[in-house]
Number of protein chains: 2
Amino acid sequence: MSESVKVAAADTPLSDLAPDVFSAQCESRGVLEHVVSRWGVLVLAALLDQGTQRFSALRRRIGGVSEKMLAQTLQTLERDGMLVREAKPVVPPHVEYTLTPLGEQAARQVWALARWTGEHLPEVLAARAAYDTRRNGTA
Amino acid sequence: MSESVKVAAADTPLSDLAPDVFSAQCESRGVLEHVVSRWGVLVLAALLDQGTQRFSALRRRIGGVSEKMLAQTLQTLERDGMLVREAKPVVPPHVEYTLTPLGEQAARQVWALARWTGEHLPEVLAARAAYDTRRNGTA
DNA sequence: CAGCATCCCCGCTGATACTG
DNA sequence: CAGTATCAGCGGGGATGCTG
């Protein structure tokens with residue numbers, strides 16, 4: 001795979017590119033869910049940010065993950081080819097996780113999205129306030 | 001909207017841009033979840049693809065949504081300022097939904113991500129096969 | 001240290017039925 | 001047509017405890 005992520009060539013009719021996303025059993029939907037899942041986003045982001053890291057480093061980095069969910073998320077992403085797990089055969093186990101090129105592409109996209117939401121949070125918050133006012137009456 | 005969504009400017013240290021995404025109570029995480037939720041993605045995509053649409057049109061378009069989930073999703077996205085709901089006061093109710101500029105930006109990003117996963121599905125599937133073999137099969 | 005197994009809860013989700 | 005209300009089921013996700 002190359003390097004740039006190539007996004008937003010959205011003048012092409014959307015339905016031509018992926019007509020099936022709207023169908024209930026679209027397989028790529030599952031992949032997307034993994035990638036944008038609660039912890040998936042953060043694992044990818046952390047790995048993109050800091051590069052190769054061990055389990056405990058990730059756990060410390062990502063506020064609020066349980067061991068279970070971290071392990072589960074890592075497994076899923078490994079299975080999807082987004083990252084590589086390398087277990088060094090030493091006495092205190094030492095396992096490192098690294099993004100694959102594929103995973104890096106995903107991570108960049110996800111990260112961009114996360115950053116975008118962060119940047120536009122004020123607008124969202126304003127919209128919410130307006131909406132709530134409209135509903136609850138005077139407020 | 002201008003043209004490109006500007007993604008993958010990831011040479012900037014990630015943590016500088018949004019240090020708080022990793023904290024458990026990051027507000028933008030919620031917005032992200034709404035946007036990339038199962039039906040959120042599809043609603044945004046449908047609206048980006050076809051423009052303003054009514055409730056029933058969306059329902060028909062998006063395979064497998066229940067009325068409840070569609071209504072819920074639309075409400076959430078409206079509250080977040082991603083789309084506008086316009087109810088025409090006619091006897092058989094007629095309600096139209098349209099993306100806001102903000103929502104259109106979101107939709108493009110989400111759509112790009114969806115498309116990316118679609119394009120790279122073969123790689124993911126291959127990775128999965130390899131992973132499963134490593135675990136069950138010959139391994 | 002890494003991570004699997006178990007238990008358990010609650011929130012998302014869908015099916016059904018009712019209203020404006 | 002476009003919702004809201006209610007109920008029931010399933011699975012995500014956390015806490016705990018145990019292994020290599």
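The values are calculated or read from the model by the stated rules, or taken from the named source; none is laboratory data. Computed from a predicted structure; not experimentally measured. Note: ideal-geometry Cβ built from the backbone for every residue, glycine included; neighbour counts use all protein chains shown. With ligands, DNA and RNA removed, areas are computed over all heavy atoms of the protein, side chains included. Shrake-Rupley method; radii C 1.70, N 1.55, O 1.52, S 1.80 Å.
Out of B:V84, B:V124, one residue alone is within 11 Å of another protein chain (Cβ to nearest Cβ), at pLDDT 90 or above and within 22 Å of B:A57 (Cα to Cα). It is B:V84. Which members of segment B:66-86 meet the condition of being open to solvent by 10 Å² or more (accessible area, probe 1.4 Å) and within 9 Å of DNA strand D (Cβ to nearest atom)? Hits for segment B:66-86 are B:S66, B:E67, B:K68, B:A71, B:Q72, B:Q75, B:R85. Being surrounded by 12 or more Cβ atoms within 10 Å (Cβ to Cβ) and hydroxyl-bearing (S, T, Y) is the filter; apply it to segment B:95-139 and report the residue that is farthest from the chain's Cα centre (by Cα). Looking at the filtered set, the residue picked out is B:Y131. Name every residue in segment B:70-92 that is in a helix (DSSP H, G or I) and either farther than 25 Å from A:P122 by Cβ or in contact with a strand residue (DSSP E or B) (Cβ under 8 Å, 6 or more places away or on another chain) (or both), in order of residue number. Listed by number, the residues that qualify are B:L70, B:A71, B:L74, B:L77, B:E78.
For segment A:89-103, the criterion of being away from DNA strand D (no atom under 16 Å from the Cβ), more than 9 Å from every other protein chain (Cβ to nearest Cβ) and more than 27 Å from B:Q109 (Cβ to Cβ) is met by none of the residues.
Among the residues that make up segment A:44-58, is at least one of them facing chain B (nearest Cβ under 8 Å), within 18 Å of the chain's Cα centre (by Cα) and among the acidic types (D, E)? The answer is yes, given that some residue of segment A:44-58 is facing chain B (nearest Cβ under 8 Å), within 18 Å of the chain's Cα centre (by Cα) and among the acidic types (D, E).
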